[in-house]
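Peer 1: Starting off with a structure, shown below.
None of the figures in this text is laboratory data; all of them are computed from the coordinates on show. Bear in mind the structure is a predicted one, so any value in this text is a computation, not a measurement. Glycine gets a Cβ as well: all are built from the backbone with ideal geometry, and neighbour counts include every protein chain shown.
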């Protein structure tokens with residue numbers, strides 16, 4: 001990435017108030033193509049609210065969201081999605097009674113604005129099926145294409161959610177706590193998938209996650225929110241070791257922190 005390259009996504013003084021509570025407080029941040037940024041902070045810090053402002057689930061009280069140089073602050077979730085902002089792991093958008101292949105085909109079909117005709121013959125959509133199968137191969141689900149979605153493991157359902165997000169062709173991929181609710185065996189499956197998606201340098205990935213071992217293994221950069229404010233931004237090792245982050249997570253002053261304590 002060139003130092004002077006324009007950001008794909010930016011927020012400027014982004015703020016939301018709920019009554020007298022400021023949940024996100026004037027957060028300004030740039031996100032560049034080909035990077036994975038982890039957004040961290042203690043419970044109640046404003047991480048998911050910030051995500052909701054970027055993806056459009058919540059309307060900002062003030063400030064702006066910019067995408068590829070366009071102000072999208074007042075755009076709907078659907079309009080942001082069409083422009084290339086995809087989000088996974090917040091709401092499940094799967095059709096549990098359909099096969100994995102049909103879920104992927106419908107996502108591709110919807111993106112191409114052909115309408116969601118659940119009763120159309122699959123063999124009349126050869127190009128859609130080929131695209132769907134290509135996406136399923138990318139998330140390592142092609143061998144389960146005929147399986148009914150409700151029969152998939154939790155980890156594989158998460159992978160299918162990623163496939164549906166990829167179907168819209170997003171430039172920005174947003175993952176909200178991707179390992180939440182997963183068994184120990186399933187966590188590496190999704191983490192490996194995100195790691196593979198990260199190899200495409202045309203993609204920009206934002207990740208909300210609590211587990212610092214996950215963040216250390218994936219992030220190019222960490223930003224830290226605390227009480228709705230952006231309090232740290234930079235290289236993962238430096239940010240994790242910074243006094244402000246140690247204090248935010250451990251709830252103690254830096255001089256009180258025991259030697260060897262980790263975030």
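Peer 1: Angle, helix 100-111 long axis vs. longest principal axis of the chain, Cα atoms, 0 to 90°, nearest 10?
Peer 2: Roughly 80 degrees, rounded to the nearest 10.
Peer 1: Would you please give the FRET efficiency between residue 110 and residue 57, computed as 1/(1 + (r/R0)^6) with r the Cβ-Cβ distance and R0 = 25 Å, to the nearest 0.05?
Peer 2: 0.85
Peer 1: Indicate the gyration tensor shape class of region 94-232 (rounded, prolate or oblate), computed on the Cα atoms with a ≥ b ≥ c the square roots of the eigenvalues: a/c under 1.5 is rounded; otherwise a/b larger than b/c is prolate and the rest oblate.
Peer 2: Numbers: a/c = 2.34, a/b = 1.80, b/c = 1.30.
It is prolate, given that a/c is not under 1.5 and a/b is the larger ratio.
Peer 1: Once the Cβ-Cβ distance between residue 233 and residue 95 is put in as r, and R0 is 45 Å, what FRET efficiency do you end up with, to the nearest 0.05?
Peer 2: Efficiency, from the Cβ-Cβ distance: 0.70.
Peer 1: Please compute one quarter of the surface area of the Cα convex hull for region 133-204 and express it in square nanometres.
Peer 2: On the way: hull surface 19.5 nm².
For region 133-204, the mean projected area of the Cα convex hull comes to 4.9 nm².
Peer 1: Given the Cα-Cα distance of residue 146 and residue 184 and 0.36 nm per residue of separation, how much length would full extension add, in nm?
Peer 2: Answer, rounded to one decimal: 11.1 nm.
Peer 1: Stretched out fully, how many nm does the piece from residue 68 to residue 213 gain, at 0.36 nm a residue minus the Cα gap?
Peer 2: Length gained, residue 68 through residue 213: 49.0 nm.
Peer 1: For 31, 18, 95, what ranking results if the residue with the fewest other Cβ atoms within 10 Å of its Cβ goes first?
Peer 2: Fewest-to-most Cβ neighbours within 10 Å comes out as 18, 95, 31.
Peer 1: Beyond 26 Å, what share of the Cα-Cα pairs of the chain is found? Please give it as a whole percent.
Peer 2: I get 44 percent for the Cα pairs in the chain exceeding 26 Å.
Peer 1: Give the order of 76, 55 when sorted by the count of other beta carbons within 10 angstrom, beginning with the fewest.
Peer 2: 76, 55
Peer 1: With a ≥ b ≥ c the root eigenvalues of the C-alpha gyration tensor of region 17-56, is it rounded (a/c under 1.5), prolate (a/b larger than b/c) or oblate?
Peer 2: prolate
Peer 1: While we're on this one: How large is log10 I(q)/I(0) at q = 0.22 Å⁻¹ when the Debye formula is applied to the Cα atoms of region 122-163, each weighted equally and without solvent?
Peer 2: -0.71
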